[in-house]
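The values are calculated or read from the model by the stated rules, or taken from the named source; none is laboratory data. What you see is a predicted model; the values in this text were computed from it and never measured. Using ideal geometry, Cβ is built from the backbone for each residue, glycine included, and neighbour counts are taken over all protein chains shown. When the accessible area is computed, the model is the full protein with side chains, heavy atoms only, and any ligands, DNA or RNA have been set aside. Shrake-Rupley method; radii C 1.70, N 1.55, O 1.52, S 1.80 Å.
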Amino acid sequence: MSDQKDIMPLIDLNKIDSKETAGKAVDQLRKAIRHHNYRYYVLDDPIISDSEYDELMQMLQTLEQQYPELLDPNSPTQRVSGEVKEELGTVTHPKPMLSLKAVYNDSEVYNFDETCKKSLNEKKIEYIAEPKYDGLSIELIYENGNLISAATRGDGYTGEDVLSNIKTIREIPLKLRSEQIPIPPKIAIRGEVYIRKDEFNTLNMQREKEGEDQFANPRNAAAGSLRQLDSKITAKRPLHIFLYEILQCEDSSFETHWDELLAFKEWGLKVNLQESYKCKDIKEALKCYNNMGEKRDDLPYEIDGVVFKVNDLADREKLGFRQRDPRWAIAYKFKPRQGTTKLENIIVQVGRTGRLTPVAILKPVRIGGVEVSRASLHNQSEIERKDIRIGDTVLVERAGDVIPYVVKPIKDNRDGSEKRFIMPENCPVCNSKVIMSEDKKSARCTNMNCPAQVRERIIHFTQKTAMNIQGLGGKKVSQLMDAHIITSISSIFELKKDDVKNLERFGEKSAQNLIDEIEKSKDQTLPRFLFALGIPLVGEHLARVLAEHYQTLSDIRFASKDELLSIYEIGPEVADSITTFFSQDENLLQIEKLKEAGLTLENPVYKIGEKKLPLDGLKFVFTGTLLQWTRSEAQKLIEDLGAHATSSVSKETDYVVAGENPGSKLVKARKNNVTILNEEEFKNFLEEIQ
Ligand code: IVH
């Protein structure tokens, strides 16, 4: 598709006055949207802007509403169905979804290779090495290119029908493309649904704030999200997919597995060609395993091994299957990042909103090269469900950069001295009453002025993504609180150089720097200030939404619940949380004091729509690792100045910021003549425009 009218069809809705003209426009729009989905999700190379894409979707939606007879269950608009099911139905797989034989050392791999060579009477076998994704196995069936079924693996013969949930994953095409390679009349394809590690952490943080149970690991989060009865919930979860195998195919003409993977990509399916390797023999496959093991922690998704698959499909046919697994593939698992250790104690931490979280204090143990001495136990109910006791030997797992967790106690090691944990009735910090929910999943300290809550609130307030008061991180906040120098958010602005210069780890210069940083932060933007206030359920994004809508703090403060509810993205819980926050005397007092201290609060720099922001409308792409900021911090910097960060480079990109080890985006940037800034240049650029 290269014609401009196919990319951005010129449709005048006013001129559409019959089913025929509407039908034509609907076809054009669906074709264009599918093409843009393919460019965005599969090729990672969009050629239109988000707003142009939204425009196409909007037009299609309007026409489908006006002409309901044109509706198609696989139209790009039909991603979220309104239905809520009583239970998930079942689907019988066209062929059993078998599993893979797992091996744990090189010699088992050599044995596998020897057996294959012997059976095939060959000297050398070509393998494909692919990551073994740690997600949820799924089967998609396309008939004449249309997605007609999606099921979990279940017992291998029948699985759960998750079609309406699968349709909410935008990476999964509802209709396959057939530009170069013909689509078989019916094809069942296997893949893995997963959640990225960073998105998993964000999801858990969100759930913690909302008082919901946390997911133990990304795999559970993906499974829990996909097996929802209400697909609207699934739609909100950051699910992704990689397709990796044909389960069954009518009229297949492929000769190798590699060709199948290439065809997947061509049809618009998400394949991970970047991390799939064609290996000329088993030695090369083992090299891939070692390389993959080294980069495992850097991959954005969880993998627990490498799958070696015979590439030649005729050879696979000859090798056949055992009862539960194929003879032509194995999963070489990584050493588990688990360890056993003693759970010495369970302490209780008090969070910013007063939530009490039990934390396991472990006898330090090295797991996957990292020393682990703490693990979250989430809540009392979770501890009881797993029957974890103080003094137990426990199995601990560490998954990438995800917080370690206690898998289970080793009950055989008990000697009777282990003690059950009971959530204290009084806050361990301020001794106020603790309120526990009936299901024991949430416990809260009721004292808003509890020093632990205040401490967390101050740390939240000063952090980089909020008021960005450099030099006032967790340790310094504790030090100043212990010395009774700061006692609340507003007291930060009463700080004098003389109060701190004689404290340990301070001096004339660092004391002055801190005072300067505090002074500088008084001019912080409204969305950052709103986020910094720590209103429960109002994260960075919603703070921005509120600031954009109201433009001033006082308008937000006096907004009624109904008014807040009229804002898209704000639901009843958030509206409640905002009005409750602004009805509490302590919060209003703090805001008054901040005003008195000279905080701008209504920073005019942030007036969306008035084109006053220095980077208004510009598009940035980040690639590689920056040393001074995390990716999200850097994105926030430019977003605060009105720019947008997008994930892939196109002609519309204004700047590419390239850190260490930049990827293919840099090549694309050069091809598209996009200005490239290295970290130093980016820093200077920011300083110049501010
Ligand atoms: S191929 C006949 N490829 O691992 C076997 N499986 O124990 C077809 N898995 O349930 C599976 N990554 O969910 C294959 N690249 C990959 C995989 C993969 C993860 C899962 C799959 C399966 C389990 C096998």
**Request:** Report, ordered by the first and then the second residue, all pairs with beta carbons closer than 7 Å, sequence separation of six or more or different chains, a first member in segment 317-337 that is free of Cβ contacts under 8 Å to residues at least 60 places away in the same chain, and a second member that is more than 9 Å from the ligand (Cβ to nearest atom).
**Result:** 320/327; 334/293; 334/296
**Request:** Give segment 464-478 a look and list any residue that's surrounded by fewer than 17 Cβ atoms within 10 Å (Cβ to Cβ) and in contact (Cβ under 8 Å) with a residue 24 or more places away in the chain, or say none.
**Result:** 464, 470, 471
**Prompt:** Could you say whether any residue in segment 152-170 is hydrophobic (A, V, I, L, M, F, W, C), touching a Gly at 6+ places or on another chain (Cβ under 8 Å) and free of Cβ contacts under 8 Å to residues at least 60 places away in the same chain?
**Reply:** no
**Request:** Scan segment 488-524 residue by residue and report those that are under 32 Å from the mean Cα position of the chain (by Cα), crowded, with 20+ Cβ neighbours inside 10 Å and either β-branched (Val, Ile, Thr) or within 21 Å of residue 555 (Cα to Cα) (or both).
**Result:** 489, 524
**Asked** Going by the structure shown, is residue 98 in contact (Cβ under 8 Å) with a residue 12 or more places away in the chain, assigned to a strand (DSSP E or B), within 16 Å of the ligand (Cβ to nearest atom) and within 30 Å of residue 330 (Cβ to Cβ)?
**Response** no
**Asked** What pairs come up if the first residue lies in segment 201-214 and is open to solvent by 60 Å² or more (accessible area, probe 1.4 Å), the second is modelled with pLDDT under 80 and not β-branched (Val, Ile, Thr), and their beta carbons are under 8 Å apart, counting only those six or more places apart or on different chains?
**Response** 208/214
**Members of segment 112-157 found to be on the phi > 0 side of the Ramachandran plot, within 16 Å of the ligand (Cβ to nearest atom) and surrounded by 15 or more Cβ atoms within 10 Å (Cβ to Cβ), listed by number** = 154
**Complete:** Just one listed residue, out of 263, 285, is surrounded by 21 or more Cβ atoms within 10 Å (Cβ to Cβ), modelled with pLDDT of 95 or more and either under 19 Å from the mean Cα position of the chain (by Cα) or over 28 Å from residue 176 (Cβ atoms) (or both), and it is 285
**Request:** Scan segment 39-59 and give yes if some residue there is without any contact (Cβ under 8 Å) to a residue 24 or more places away in the chain, over 30 Å from residue 325 (Cβ atoms) and small (Gly, Ala, Ser), otherwise no.
**Result:** yes
**Request:** Considering only segment 179-236, state which residues are charged (D, E, K, R), within 15 Å of the ligand (Cβ to nearest atom) and more than 26 Å from residue 268 (Cα to Cα).
**Result:** none
